[in-house]
1. Just for the range 200-212: of the residues that are of a type outside the set (A, V, I, L, M, F, W, C) and in a helix (DSSP H, G or I), which one is farthest from the chain's Cα centre (by Cα)?
2. Among the residues of the range 487-504, how many are closer than 15 Å to N473 by Cβ, of a type outside the set (S, T, N, Q) and open to solvent by less than 30 Å² (accessible area, probe 1.4 Å)?
3. Tell me which residues, restricted to the range 419-444, are modelled with pLDDT of 80 or more and part of a helix (DSSP H, G or I).
4. If I filter the range 185-203 down to residues being buried (at least 16 other Cβ atoms within 10 Å of the Cβ) and closer than 12 Å to D167 by Cβ, which single residue comes out as modelled with the lowest pLDDT?
5. Name the pairs: first residue in the range 397-417 and closer than 19 Å to V626 by Cα, second residue open to solvent by 10 Å² or more (accessible area, probe 1.4 Å) and in a helix (DSSP H, G or I), Cβ to Cβ under 8 Å, at least 6 apart or on different chains?
6. Assigned to a helix (DSSP H, G or I), buried (at least 19 other Cβ atoms within 10 Å of the Cβ) and touching a Lys or Arg at 6+ places or on another chain (Cβ under 7 Å) - does that describe any residue in the range 254-272?
7. Which residue out of S56, S81 is in a helix (DSSP H, G or I) and either touching a strand residue (DSSP E or B) at 6+ places or on another chain (Cβ under 6 Å) or surrounded by fewer than 19 Cβ atoms within 10 Å (Cβ to Cβ) (or both)?
8. Please specify each residue of the range 213-248 satisfying the condition of being open to solvent by less than 50 Å² (accessible area, probe 1.4 Å) and more than 27 Å from the chain's Cα centre (by Cα).
Amino acid sequence: MSEMIKEFEQSFDNRETGRGIEQRLFEMSAELNSHASGRLMREPELQGPQPDTGLSELNAEQLEAVTTTEGYVRVIAGAGSGKTRALTHRFAFLVNELGVLPENILCVTFTNKAANEMRQRIHNLIGDRDTGYINTFHGFCVSVLQEDSYAVQYPKSFLVLDNSDIDSMLRIIYEERGLSLRDRTFSDARDMIEIQKLFKKPDYYLDMIDMSLETLHQKYLDAVSADEIIFYGYLYQEKKCFGLDYNDLIKFSLYIFRDNADIRQKWQKRLAYIMIDEFQDIDGLQYELMETLCGYHHNLFIVGDPDQTIYTWRGANVRYLLDFDRQFPGTKTIMMLKNYRSTPQILAAANSLIDKNEKRIKKDLIPVLPDGRSVLYNSSADTAEEAAWIVSEAGRLHDQGVPFRDMTILYRAHYVTRPVEEALLKAKLPYHIYSGVPFFGRAEIKDALSYLRMILQQDDLSFRRIANTPKRNLGRRRMAFLEEYAATHGTSLYEALKATLEDEIFKGTKAARFISLIDRFAASFEDEPVSEVLSAILHESGYEEMLRTEGSQERLDNLAELKQSIYEYEVSCGEEHALQHYLTHVALFSNTDMEDASDRIKLMTIHAAKGLEFPYVFLCGMNEGVFPSRKTRDLPGMEEERRLAFVAMTRAERGLFLSSAEGRNHDGTPRYPSRFILDIDRGLLEYVHKPTDQLIEDTREYVTRWHRFTREKEELLESVLPEGTRVKHTYLGEGTITDIDMDRQAYTILFDRLPTPRTLSFKAVTKA
């Protein structure tokens, strides 16, 4: 989500009170200390001799998590503590030892990549292709809607929309209503729509469910402002093609559960055991969904780590994890702190860093691996020199036999990569940036998937994309003809083409051949593997021949990679390998869900690296204003930045390299090393080149000033007067507050004796 959404959410003052969260953290820290000292740790109670089902591989805490099957269980699992192993073995224990059917287990993970990995591990443990519901929240909601979408008058073959689909809809809206990118870029429009759905119009889905298509269309036509036009135009386009985006999936599922007791009870009874990973990252809607689903059997197992909460700007609330035992009395809490990923040197530095956060459960990751190399920190004269040092160290590792693919460069924001990329190019080291156009967003991949969607659904979005790709003489004039016919007769564009095929306008085109192709595949695809269907239609449509003629070998290679990924999906997905299942599965994919086995250095943001691990990690741009971000305005935000640094450091397995640059920023201010470097105890870092003592002293003074200013600002914000309050000003007299800008710390005031309002700082006025 963009900065626009972050700023909007910051305007909502729904943070917990300091006393409340501090008391809760104190209680959990005391509980943790009891566990650590062994006073509360009990061996799992297993009845009689147990067969070896892989449980011998687990440590005591993992074994307790696996075998505690009933009731509410909360696992506080530190980074690298083997939580995935515990989750997969718990699933296998439920199936192999308790005899639970896989279809009665729901396991929710944070990413599709994690879900795929977990599905494969569980398949290996239980030997059954049916691995139940192993999904993200959104993926699970797709399953719900595919089964029960009739309750909202949607077909089972609804579309799951990604950003490319949304942009296609926006393009139609902009053309119809004369909007331009000056009104909003497509990226801004997507963010605005998400803000509307999450915050400003949270009941929007009722319009999509209850309103007829004609009524919703009229609401779109009646809209005046650009935002209203875009929002209601988008809802209309969604309903028109039975499309649902990520927000809709959960909203529609919750609506079905709330309004249909029989459907709700069916799912509650079906899901006898529910497991949720990365619980610190769930938001309010996901929490509501979880509460609903566990309402019958009351078997809920959650795993999370408060030190890895890095998505509060997206709605995540760590209180759901901290207060879990209060919400569900009788909860059993298990602590998993042994780290199997990183060397003691890396963990010592990470523990030292995160310990500087005040609002946390006091705990340390416990190393299991033997000693490794020191954590290196290098302060360079400027960003170019910093990048040169990173590339030099990467080259040195490669000379020692380390593959490039085992090295990852992490950063807080994409703009940091420019000097790093230049240095990599100069040294001729191979690299890949996990940003820009994701694999499933590339033109040839979208085209291929659109062909599959045409076979299944003949939807307008796919039709517009591939009806004239390759060229079939179905250009803009003929498409406009079809759009008009479809609107007049209430049909899809594909149906419009079939109905008007004999019209004079389509003479000399390949429209008939296109219809024959789609109809033939639509009639025969159900019994064929998706991978074979795709290969056949790409060949028979002439799409691959078009790419070969263009000499687009890279695009052909991408299609080959897509076919391989589909084959792997068919092997690992169990029974749900039909075309419809694959298309909904792939619509939920994100940028980092595709494996990259090539020997290249990886470059990615820390947020993108969440949940991943890498042998060698370079964490660059460790400067004030970069990391922590200059947009960090309050103490909770700074603690989240520190957690983000902790997450970055604990991605490293064998080697960790930290770097910063000296000099001056673009605005002329000094470039200070990050406070996070100074947070790490001096003896835990090996300084390759140390900042000068004066620079370190200046940095400490800067950080002290920041803390003092921030605390003063927070005290000031606590006394902010609400809108409508009468205030007085020494020179301007009395007036009324009409608006409040929390970011600028300013009121908008309409003074009694002035014709127009004034925007003044909080400190300028007092209550009248």
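1. Of everything passing the filter in the range 200-212, D210 is farthest from the chain's Cα centre (by Cα).
2. 1
3. Passing the criteria: P419, V420, E421, E422, A423, L424, L425, K426, A427, A443, E444.
4. Checked the range 185-203; the qualifying residue modelled with the lowest pLDDT is F186.
5. Short answer, once both residue conditions are applied: I409/T417; Y411/T417.
6. yes
7. That would be S56, the only listed residue that is in a helix (DSSP H, G or I) and either touching a strand residue (DSSP E or B) at 6+ places or on another chain (Cβ under 6 Å) or surrounded by fewer than 19 Cβ atoms within 10 Å (Cβ to Cβ) (or both).
8. Passing the criteria: L216, Y220, A223, A226, I229.
The values are calculated or read from the model by the stated rules, or taken from the named source; none is laboratory data. Nothing here was measured: the structure is a model prediction, and the numbers come from that model. We place every Cβ from the backbone using ideal geometry, glycine too, and count neighbours over all the protein chains shown. To get the accessible areas, we keep the full protein, side chains included, count just its heavy atoms, and leave off ligands, DNA and RNA. Shrake-Rupley method; radii C 1.70, N 1.55, O 1.52, S 1.80 Å.
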